[in-house]
Amino acid sequence: MQNTEEIWRLVDAKKSDFEALSDRVWHMPELAYTETRSCVEHTAALREQGFRVTERVADIPTAVMGEAGEGGPVIAILGEYDALPGLSQEAGVAEQRPLPGPGFGHGCGHNLLGSAALLAATAVKDWLAANKLPGRVRYYGCPAEEGGAAKGFMVRDGAFRDVDIAISWHPAAFAAVQEALSLANTRIDFSFAGRASHAAAAPHLGRSALDAVELMNVGVNYMREHMPSDARIHYAYLDAGGVAPNVVQPTAKVRYLIRARDLIELRALIGRVKKIAEGAALMTETKVESKVVSGVSNLLGNRPMEQAMQANLDRLGPPPFDDADRAKAAEFQATLSDEDIAAAWRKMGLAVRKGVSLCDVVVPLDLKGAPMVGSTDVGDVSWVVPTVQARGATYAIGTPGHSWQLTAQGMLPAAHKGMVHVAKVMAGTAVDCLRDPALVAAAKADLAARTADSPYEPVLSPDVQPPFGMSTAA
Ligand SMILES: [Zn+2]
């Protein structure tokens with residue numbers, strides 16, 4: 001059943017180049033906004049395939065775009081290639097074994113994410129050429145998904161202004177259409193300034209910025225009981241005022257990560273956190289300043305696009321894993337708890353099937369699983385362009401996100417099969433859009449209806465710059 005459609009054959013025709021690209025990127029894990037070598041690899045692949053290349057999209061050094069075709073609708077396929085700290089791991093080994101070096105690793109599978117998206121875009125380009133049809137396909141190499149909100153800055157800069165449809169995917173345990181559940185978020189730094197003094201000889205002259213941060217945290221922790229249940233707030237100290245307890249701390253800085261179900265709830269919560277910060281400053285006679293570091297919007301779904309993608313998945317069937325793939329995946333499952341594995345089934349709304357190590361089904365649309373509570377910068381794209389995302393089955397069922405087990409599985413034959421499979425799903429969905437103007441119109445009408453009462457107001461204000469130094473800061 002795998003290759004009854006021309007577009008699927010075009011994906012298969014070039015799959016080995018892109019499996020190799022994915023493997024090369026796996027071997028050069030780079031953190032958010034430092035993906036120089038990975039971006040060079042993607043740029044070279046775009047040129048080799050004959051795309052018209054734009055480098056430094058939105059003035060971001062590690063963002064790239066390639067376009068092919070003429071006229072017609074513009075279909076964007078989005079890829080990523082950033083890695084994570086602390087997740088270095090030997091490939092293919094079901095035992096924690098970090099590699100020598102800085103400790104970075106592809107623990108979210110973005111080596112596959114970028115390569116499958118570029119493979120899909122390449123197949124669509126070849127399909128347009130073979131069928132001599134109007135239409136353009138673009139691959140967007142998007143950096144810094146892990147906390148850097150690059151797509152939000154790219155949206156703000158107008159990089160998607162003339163795009164009609166956006167398609168993406170993420171590595172997962174199951175083959176499915178991604179449900180549009182993710183939280184809007186923002187990172188805000190609160191800097192308090194007080195006055196230093198001798199903590200024993202002149203305590204009454206000091207005004208402690210550290211006290212202010214501690215009181216702010218206490219205030220926010222009391223607020224938790226009274227905020228929407230889907231909202232999340234986390235914080236980390238960036239500056240605790242120094243190492244000398246006998247000096248009243250004159251400065252202190254805390255980074256807040258605030259998440260909420262949508263932009264309206266997020267804005268309300270930001271306002272409340274800021275009031276608490278001001279209250280803490282008032283109590284301690286210090287001053288506080290806040291600075292937005294980054295932010296992403298929640299994902300908007302798109303019903304016509306989700307139905308179109310599901311139809312592609314249903315025609316294609318599950319990825320063609322074999323017994324060797326399943327045996328290898330079972331080795332990784334042996335490192336996980338029963339709870340990890342059961343949670344993965346439940347998340348998709350599926351009944352737990354013991355002894356099944358790799359996806360052997362296509363998850364139906366609209367199964368109600370446990371909602372995902374993370375955030376993604378694809379959210380901002382989904383507010384300005386009708387957007388649909390797939391889950392591609394690339395690893396053992398139960399593998400936690402951001403884990404050494406995920407890094408270890410990123411070059412296995414099953415990972416390659418999963419990335420080629422999801423490239424077919426994305427390319428097939430793109431071809432549907434190029435063939436059927438009514439589908440594109442319906443997708444646009446769906447987005448217009450969803451944003452009619454609450455137009456897109458990005459979390460990122462115009463003065464916020466991409467946090468280029470976020471991965472290198474001490
Ligand atoms: Zn990811």
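Protection proxy ranking of 292-304, 250-262, 446-458, by the mean of other Cβ atoms within 10 Å over each peptide's residues and highest first, is 292-304, 250-262, 446-458. Between the beta carbons of TYR222 and LEU367, assuming R0 = 41 Å, the FRET efficiency works out to 0.60 to the nearest 0.05. Ordering 36-46, 92-102, 190-200, 317-327 by mean Cβ neighbour count within 10 Å, with the highest value first, yields 36-46, 190-200, 317-327, 92-102.
Cα-Cα pairs above 13 Å in region 83-133: how many percent?
Values: 852 of 1275 pairs.
More than 13 Å apart: 67 percent of the Cα pairs in region 83-133.
Here the chain was treated as a single set of alpha-carbon atoms; its pair distances binned every 20 Å from 0 give 24, 54, 20, 3, 0 percent.
Once fully extended, how much extra length lies between ARG52 and GLN307, figured as 0.36 nm per residue of separation less the alpha-carbon to alpha-carbon distance?
Fully extending the segment from ARG52 to GLN307 adds 88.7 nm.
Ellipsoid semi-axes for region 275-402, based on the Cα gyration tensor and the rule √(5λ), read 39, 23, 12 Å when sorted largest first.
Take the Cβ atoms of ASP314 and ARG9, set R0 to 22 Å, and the FRET efficiency comes out at 0.70. Taking 7 Å steps out from each Cα toward its Cβ at LEU205 and THR472 produces label points 4.1 nm apart.
Grouping the Cα pair distances of region 60-202 into 5 Å bins from zero gives a pair-distance distribution of 2, 8, 13, 16, 16, 13, 10, 7, 5, 4, 3, 2, 1, 1, 1, 0, 0 percent in increasing distance order.
Suppose every K and R has +1 on its Cβ and every D and E has -1 on its Cβ; what is the size of the dipole of the chain about the Cα centre, in Debye to the nearest 20?
Working: 46 positive and 55 negative charges, 117 e Å.
My answer is approximately 560 debye.
By the compact-protein rule of thumb, 2.2 N^0.38 Å, the alpha-carbon radius of gyration of region 337-474 corresponds to a ratio of 1.31.
Partner lysines whose Cα lies under 20 Å from the Cα of LYS328, excluding those fewer than 8 positions away in the same chain, are identified as LYS354, LYS417.
So between ALA445 and MET283, what do we pick up on full extension, going 0.36 nm a residue minus the alpha carbon distance?
Numbers: separation 162, 0.36 × 162 = 58.32 nm, distance 5.08 nm.
That pair, ALA445 and MET283, stretches by 53.2 nm at full extension.
The Cα center of region 150-172 and the Cα center of region 212-245 differ in position by 33 Å.
Based on the mean of other Cβ atoms within 10 Å per residue, sort peptides 373-386, 425-438, 342-355 so the most packed one is first. Please list the in-between numbers first.
Working: 373-386: 24.1, 425-438: 22.5, 342-355: 14.4.
So the order, starting with the most tightly packed, is 373-386, 425-438, 342-355.
You can think of it this way: the chain between GLU95 and ALA268 has 57.8 nm of extra reach, that is 0.36 nm per residue less the Cα-Cα gap. Expressed as a whole percent, how much of the Cα-Cα distance distribution for region 270-332 exceeds 15 Å? I get 76 percent for the Cα pairs in region 270-332 exceeding 15 Å. Distance in nm between label sites at HIS402 and ASN246, each 7 Å beyond Cα in the beta-carbon direction? Label at HIS402, label at ASN246, 4.0 nm between them. For region 1-128, the share of alpha carbon pairs falling in successive 5 Å distance bins from zero is 2, 11, 19, 21, 17, 13, 9, 5, 2, 1, 0 percent. Note on ALA236/ASP59: beta-carbon distance plugged into 1/(1 + (r/R0)^6) with R0 of 22 Å gives a FRET efficiency of 0.20. By the rule of a C-alpha distance below 20 Å, with chain neighbours fewer than 8 residues away ignored, the lysines paired with LYS274 are LYS253, LYS287, LYS291.
Dipole size in debye (nearest 20) for region 1-159 around its Cα centre, Lys and Arg Cβ +1, Asp and Glu Cβ -1? Kindly include the intermediate steps, with their values, before the conclusion.
On the way: 15 positive and 22 negative charges, 83 e Å.
Once rounded to the nearest 20, the dipole reads 400 debye.
A short reminder: the numbers here are calculations on the coordinates, not readings from a lab. As the structure is a prediction and not an experimental result, all values here were calculated from the model. Note that we place each Cβ from the backbone using ideal geometry, even for glycine, and neighbour counts take in every protein chain shown.
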